[in-house]
Amino acid sequence: MYKTLYRHVLTRIDPEVAHHWAFAGMRLSGRVPVAPQVLRRAFVQDDERLRTRVLGIDFPTPLGLAAGFDKNATGLTSLGHFGFSCVEVGTVTALPQPGNPKPRLHRLVADRAVVNRMGFNNDGAEVVAKRLRQFRAAPPAHPVVVGVNIGKSKVVDEADAAADYATSARLLAPYADYLVVNVSSPNTPGLRDLQAVEKLRPVLTAVREAADAAAHRRVPLLVKIAPDLSDEDVDAVADLAVETGLDGIVATNTTIGREGLRTPAAEVAAAGGGGLSGAPLKERSLAVLRRLSARTHGSLVLIGVGGIETAADVAERLEAGASLVQAYTAFIYEGPGWARRVLAELAASRTRRETDR
């Protein structure tokens, strides 16, 4: 039913409008009496074979929703009813900002991909922190792990980036299960330059100090990197993460590459610049994950993101060194039952492997 709706209705609507409508419907459904119980029976795969403990946190499953879906922490409880053990809020910036001009979100249906140049549109760290504080004050019956992804405010100069990130960390860390420093979106000018280790080090140091001081605890801290880094730069970030005592790396963000797409070139050009997510990202994000795993020798938590569509994709990332995986684009294309289908197959495959031993 969802695929029919997507093909005949949602693809005829501006993707950003469709996202807002769908997300509003998800939030509304969670407020209807008995609806949460119905939704959880339909969409949540509760299976002890999938439980895992990472970053000192108990995750019901290894599958979370990547940053970008819930930018402002407005639907955490509802998203938990659709099969995700974790929701990464954001990207959140210290200052509220509208993002880039519209249209800024495009589907490449033939590639099961999305191009976005949203530009960190969000309500700002202070507003998002208030929502998270309210969420923590009245936790849902079925908790969801909350990560918070922070980025640089567009109007802030690169020289002031560390202080800008620290402001977000100070406001948000008390309510986050973990923090992710996003220096890899292609949609904020100059942001990816911060992946260079000499620029990244002061940012990570400032965020660590601000987060731990504000939360009065050691907040798990990760950095999210781009798939477009050279192998040598991937190694350099991995080495820096180990050196600075970072807890982990999220691999990877969207790509600026457009190679090997099935979508006609004219349609790709019409979609414009921005980050490409979805199936075409699969191989490179997996390669980066494997390189990070080999480089860090299991000393860091790795979260695999990019092109994950099936249980086999999830298993492949976990076998490549990831402790957790995240997805977004496949959820858009496959609909609300996607997470449960993937996790049910993953649990069954684990049982088959145990039986075969």
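The values are calculated or read from the model by the stated rules, or taken from the named source; none is laboratory data. Please read all numbers here as calculations on a predicted model, not as lab measurements. Every residue, glycine as well, gets a Cβ built from its backbone with ideal geometry; the counts of neighbours run over all protein chains shown. Ligands, DNA and RNA are excluded from the accessible area calculation, which covers all protein heavy atoms including side chains. Shrake-Rupley method; radii C 1.70, N 1.55, O 1.52, S 1.80 Å.
Summary table below
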| read-out | value |
| --- | --- |
| Any chance Ser184 is of a type in the set (Ser, Thr, Tyr), within 30 Å of Tyr333 (Cα to Cα) and either in contact with a Lys or Arg (Cβ under 7 Å, 6 or more places away or on another chain) or open to solvent by 60 Å² or more (accessible area, probe 1.4 Å) (or both) | yes |
| Lone unmet requirement of (1) open to solvent by less than 20 Å² (accessible area, probe 1.4 Å); (2) in contact (Cβ under 8 Å) with a residue 60 or more places away in the chain; (3) closer than 22 Å to Ala339 by Cβ; (4) of a type outside the set (Phe, Trp, Tyr) for Arg104 | (3) |
| Number of the exception - Ala67 against (1) among the small types (Gly, Ala, Ser); (2) closer than 22 Å to Pro186 by Cβ; (3) part of a helix (DSSP H, G or I) | (3) |
| Cβ-Cβ under 8 Å pairs, at least 6 apart or on other chains, the stretch 16-42 side within 20 Å of Val115 (Cβ to Cβ), far side part of a helix (DSSP H, G or I) and modelled with pLDDT under 80 | Ala18/Leu10; Ala22/Leu10 |
| Residue check for Val115: open to solvent by less than 70 Å² (accessible area, probe 1.4 Å), part of a strand (DSSP E or B), in contact (Cβ under 8 Å) with a residue 12 or more places away in the chain and closer than 20 Å to Gly64 by Cβ | no |
| Exclusive hit being touching a strand residue (DSSP E or B) at 6+ places or on another chain (Cβ under 6 Å), of a type in the set (Val, Ile, Thr) and under 20 Å from Ala322 (Cα atoms), set Val207, Val223 | Val223 |
| Residue among Ala129, Ala163, Ala173, Ala110 that alone is assigned to a helix (DSSP H, G or I) and within 21 Å of Val197 (Cα to Cα) | Ala163 |
| Pair list, Cβ under 8 Å, 6 or more apart: the stretch 58-69 residue at positive phi, other residue part of a strand (DSSP E or B) and small (Gly, Ala, Ser) | Gly68/Gly90 |
| Residue check, Arg53 in contact (Cβ under 8 Å) with a residue 60 or more places away in the chain, among the basic types (Lys, Arg) and open to solvent by 10 Å² or more (accessible area, probe 1.4 Å) | no |
| Filter result for Thr351 (open to solvent by 20 Å² or more (accessible area, probe 1.4 Å), of a type outside the set (A, V, I, L, M) and without any contact (Cβ under 8 Å) to a residue 60 or more places away in the chain) | no |
| Failed condition for Gly151, given (1) within 23 Å of Asp247 (Cβ to Cβ); (2) without any contact (Cβ under 8 Å) to a residue 60 or more places away in the chain | (2) |
| Wholly enclosed helices (runs of 4 or more DSSP H) of the stretch 1-44 bearing at least 2 residues closer than 22 Å to His106 by Cα, of a type outside the set (Gly, Ala, Ser) and modelled with pLDDT under 80 | 2-8 |
| Residue in the stretch 284-292 that is assigned to a helix (DSSP H, G or I), open to solvent by 20 Å² or more (accessible area, probe 1.4 Å), under 22 Å from Gly68 (Cβ atoms) and touching a helix residue (DSSP H, G or I) at 6+ places or on another chain (Cβ under 6 Å) present | no |
| Given (1) open to solvent by less than 30 Å² (accessible area, probe 1.4 Å); (2) of a type in the set (Gly, Ala, Ser); (3) more than 19 Å from the chain's Cα centre (by Cα); (4) at pLDDT 95 or above, number of the condition Ala161 does not satisfy | (4) |
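The rows are residues; the columns are (1) closer than 25 Å to Thr91 by Cα; (2) at pLDDT 95 or above.
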| position | (1), (2) |
| --- | --- |
| Glu259 | no, no |
| Ala311 | no, yes |
| Glu316 | no, yes |
| Ala327 | yes, yes |
| Ala339 | yes, no |
| Ala344 | no, no |
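Quick grid of which residues meet (1) under 22 Å from Val146 (Cβ atoms); (2) open to solvent by less than 10 Å² (accessible area, probe 1.4 Å); (3) free of Cβ contacts under 8 Å to residues at least 60 places away in the same chain; (4) of a type in the set (Asp, Glu):
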residue: Thr188; (1), (2), (3), (4): no, yes, no, no
residue: Leu194; (1), (2), (3), (4): no, yes, yes, no
residue: Glu198; (1), (2), (3), (4): no, no, yes, yes
residue: Val207; (1), (2), (3), (4): yes, yes, yes, no
residue: Ala215; (1), (2), (3), (4): yes, no, yes, no
residue: Arg218; (1), (2), (3), (4): yes, no, yes, no
residue: Ser230; (1), (2), (3), (4): no, no, yes, no
